[in-house]
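The values are calculated or read from the model by the stated rules, or taken from the named source; none is laboratory data. Predicted model, so just to flag it, every value in this text is computed and none were measured. Here Cβ is always computed from backbone atoms with ideal geometry, including for glycine, and neighbour counts include all displayed protein chains. Areas reflect the complete protein model, heavy atoms only, side chains present, ligands, DNA and RNA absent. Shrake-Rupley method; radii C 1.70, N 1.55, O 1.52, S 1.80 Å.
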Amino acid sequence: MSDAAALLGRVLLAALFLWAGYGKLMAPDATMASFHRDGLPLPPAAYATALVIELVVAALFVLGVRLRWTAFILAVWSIATALVAHTHFGDRAQMLQFMKDAAIAGGFLQV
């Protein structure tokens, strides 16, 4: 039962990243424009990095491959996303998004 619960936990944690990565894959121009608006340098490189982390690393995490490393990478990615895209703390929704990203990072670190 604990193996099934662990798999379910990994699927639930990674689902957000897999879905976001798929969305980025389907809309590269819009994604890179968003990265540019967020002030990221080299939007094409940021796009490629996001795809690798959100699709490849998240899939490896679900499969349990190099679990500690993939969990750590996804935790760092969650914090980086919070710091880049969700720091308008005067906006309650942005603060909630920041806290969500921090909580997700905590879940990955728990793994």
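In this structure the chain gives 63 Å² per residue of accessible area when probed at 1.4 Å with all protein chains present. In plain terms, the C-alpha convex hull of the chain casts an average shadow of 7.0 nm² when viewed from every direction.
Membrane-span-like helices in the chain (whole DSSP H runs, Cα extent of at least 15 Å along the helix axis, mean Kyte-Doolittle hydropathy of at least -0.5): 2-26, 67-85, 92-110. Each of residue 66 and residue 33 was given a label point 7 Å from its Cα along the Cα-to-Cβ line. The distance between the two points is 3.5 nm. Across segment 2-35, the residues whose backbone nitrogen lies under 14 Å from the label position 7 Å along the beta-carbon direction of residue 51 are 21-33. Overall, the accessible surface of the chain at a probe of 1.4 angstrom is composed of carbon and sulfur to the extent of 71 percent.
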